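The values are calculated or read from the model by the stated rules, or taken from the named source; none is laboratory data. Computed from a prediction, not measured in an experiment: that's the story for all the values here. So basically every Cβ, Gly included, is an ideal-geometry build from the backbone, and we count neighbours across all protein chains shown.
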Amino acid sequence: MFKFFLKNSKKKFKHSLLASDLLECRYQELVVKHHIQSDDAQIEALGHLQQLLDDILVQSEPKKIVLFSRRLSSAQKKAKSIYIFGDVGRGKSMLMDVFFQACPIKLKRRIHFHAFMQEVHQYMHDWRSNHQGDPLPSLAIKIQKSALLLCFDEFQVTDIADAMLLSRLFTQLIDLGVIFVATSNQHPDDLYKGGLQRELFLPFIALLKQSSEILELVAKEDYRLSHFKAMKTVFYSEEKGADEFLQQSFNELTNCGNTEIKRLKVQGRELEFAAVHGDILFSSFEELCNRPLGSADYLIVASEYSTIFIAEIPIFSVEIRDQVRRFVTLIDTLYESNVKLICTLAVPVEELQFEDSHFDFKRTKSRLIEMQSEQYLQRQHLLD
């Protein structure tokens, strides 16, 4: 049985079991506040998430709580995981966030799938340094003790190492009662398509389809692109309200979602960022360019985040030559990966100037201008 710790009283809990429209009510609140537009396909998908929430609430009913067991009784009804796929910008992550925030259990976690797999490989590496044998049973128990609900954003498989272990790991997690909700741009049948030794990955696809409800979200438009078209992507700091501009834009794209600290693994090092929501990074010139970072770091950043906010890009001068060089490398990398950029600058882009024999700053300026264009905003992030 799940050992869930609910904040509400039994009376409130029983009422919540009857509130089968909880998620739609929260969704409509976002519509009323103009954070999102109402979409029939999203509401339909939300109904499936509501059913999962109801199943979890039934399993966690206080009078049914017993001492925690790592394995579910075969007689107990298992809540079925949900896998949502569809084109970019259709609201998959937003729906998952509504569900995640409404789910009252404490042992839950929302994480970008790429970051999750980095943690998996790091654990296996550390475990093998001190033990012999298979690390996966120990890893599965560790994951279950910290999260009985896992919400994965941007579920995809591009690496043979990930493909090799996913079936074994998820078999154990599902057996231990872990439930997951995942968003992806691909149907399970298209995961790791054309990948090396894909036949070894096929059992995972079968497991995914057997243990999960597969939902396609066919919303009517790319809402993230609509947000980009409607908002400014560059704000000049000499105007009042630069900080408010960035925060408001961030709130619109994340539906006022919470941020978390994120640590990326880069060639044996950790690269930490203070404010991350899903695949959106809220950062600054100081955080990105005033540290000894290089192209390898920026490649990881560009692959991890489809949208990056950069605050307080200063007037360039010889006193910050190293930082400007890093900025040039950063913009080149973001541009090549089709990352969307929202930023504040001390001067208009057209007035940015810097002379350096090691690079042509005119290219950087040209790319910054192009990254504001509708044509650029329509490009898909390379990770997608």
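Can you spot a residue in the range 107-114 that is in contact with a strand residue (DSSP E or B) (Cβ under 6 Å, 6 or more places away or on another chain) and not in a strand (DSSP E or B)?
Yes: the range 107-114 contains one or more residues that are in contact with a strand residue (DSSP E or B) (Cβ under 6 Å, 6 or more places away or on another chain) and not in a strand (DSSP E or B).
So which helices (runs of 4 or more DSSP H) are wholly in the range 127-221 and hold at least 1 residues that are buried (at least 18 other Cβ atoms within 10 Å of the Cβ) and charged (D, E, K, R)?
In the range 127-221, the matching helices (runs of 4 or more DSSP H) lie at 160-175.
Right, Gln50: closer than 16 Å to Asn255 by Cα, surrounded by 14 or more Cβ atoms within 10 Å (Cβ to Cβ) and modelled with pLDDT of 85 or more or not? I'd like the intermediate steps shown before the answer.
Numbers: closer than 16 Å to Asn255 by Cα: no; surrounded by 14 or more Cβ atoms within 10 Å (Cβ to Cβ): yes; modelled with pLDDT of 85 or more: yes.
No, not satisfied.
Whether any residue in the range 286-307 is farther than 21 Å from Arg269 by Cα, under 22 Å from the mean Cα position of the chain (by Cα) and not charged (D, E, K, R) is what I want to check.
Yes, because at least one residue in the range 286-307 is farther than 21 Å from Arg269 by Cα, under 22 Å from the mean Cα position of the chain (by Cα) and not charged (D, E, K, R).
Identify all residues within the range 90-123 that are surrounded by fewer than 21 Cβ atoms within 10 Å (Cβ to Cβ) and either touching a His at 6+ places or on another chain (Cβ under 9 Å) or without any contact (Cβ under 8 Å) to a residue 40 or more places away in the chain (or both); write none if there are none.
Once the filter is applied, which keeps residues that are surrounded by fewer than 21 Cβ atoms within 10 Å (Cβ to Cβ) and either touching a His at 6+ places or on another chain (Cβ under 9 Å) or without any contact (Cβ under 8 Å) to a residue 40 or more places away in the chain (or both), the range 90-123 yields Phe116, Glu119, Tyr123.
Could you please let me know if Glu286 is farther than 21 Å from His112 by Cβ and not β-branched (Val, Ile, Thr)?
The answer is yes for Glu286.
For a quick check of your reading of the model, give me the residue pairs whose first member lies in the range 161-188 and is touching a residue at least 60 places away in the same chain (Cβ under 8 Å) and within 25 Å of Lys92 (Cβ to Cβ), whose second is in a loop (DSSP other than H, G, I, E, B) and of a type in the set (Gly, Ala, Ser), with beta-carbon atoms closer than 7 Å and at least 6 apart or on different chains.
Ile179/Ala79
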